[in-house]
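In what follows, a structure is listed as structure tokens, so that the remarks can point back to it.
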Amino acid sequence: MIRLALPYAPTDNHYYTVANNRKVLSAAGRAYCAIVAQECLVQLVGVTRPLTARLGITVDVFPPDHRVRDILNLAKALMDALQKARVYANDGQIDVCHFTRRATVIHGRINVTI
């Protein structure tokens with residue numbers, strides 16, 4: 001079992017941008033991937049990566065404020081960032097994914113259990 005405490009992810013609306021008529025990672029998306037990669041290096045010392053088995057993932061979302069939010073809009077950025085951080089080989093390995101909204105915390109946070 002792997003547990004990670006990660007910063008709040010950008011939504012799909014901020015994760016991508018359009019450049020030259022192509023959908024590409026935005027600056028916010030690239031920054032989030034870099035932060036997740038750094039956190040994984042620190043938090044997963046001694047863990048063999050990338051995981052290659054079929055996976056289940058539980059995500060506890062702690063929003064940064066009380067605005068109405070679709071927490072599933074965080075899924076793409078989070079799953080892609082974990083793949084780029086080489087936590088698992090491909091997000092297609094995930095068979096079960098469970099998202100739960102939790103209490104509001106300053107700046108927001110995401111706790112992941114794989």
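Here are a few things to note about the model shown:
- Orientation-averaged projection of the chain equals 7.4 nm² [convex hull of Cα atoms, one quarter of hull surface area].
- The alpha carbons of the range 30-96 occupy a box of 38, 26, 19 Å along the principal axes, longest dimension given first.
- Ranked by solvent-accessible area (1.4 Å probe, protein heavy atoms only, all chains present), the residues Thr11, Thr48 order from largest to smallest as Thr48, Thr11.
- Cα-only radius of gyration and Dmax that characterise the range 9-64, units Å: 14.6, 42
- Accessible surface, 1.4 Å probe, highest first, among residues Ile94, Ile57: Ile94, Ile57
- Radius 12 Å from Cβ of Lys23, net charge of other residues (Lys, Arg +1; Asp, Glu -1): +1
- Spin-label pair Ala53/Val96, simplified geometry with 7 Å Cα→Cβ offset, distance in nm: 1.3 nm
- The chain - percent of accessible surface contributed by carbon and sulfur, probe 1.4 Å: 54 percent
- Accessible area (Å², per residue) of the chain, counting only protein heavy atoms and a probe of 1.4 Å: 59 Å²
The values are calculated or read from the model by the stated rules, or taken from the named source; none is laboratory data. Keep in mind that what you see is a predicted model, and the values were worked out from it rather than measured. Every residue, glycine among them, receives a Cβ derived from its backbone with ideal geometry; neighbour counts consider all protein chains shown. Side chains are part of the model used for accessible areas, which takes the heavy atoms of the whole protein and leaves out ligands, DNA and RNA. Shrake-Rupley method; radii C 1.70, N 1.55, O 1.52, S 1.80 Å.
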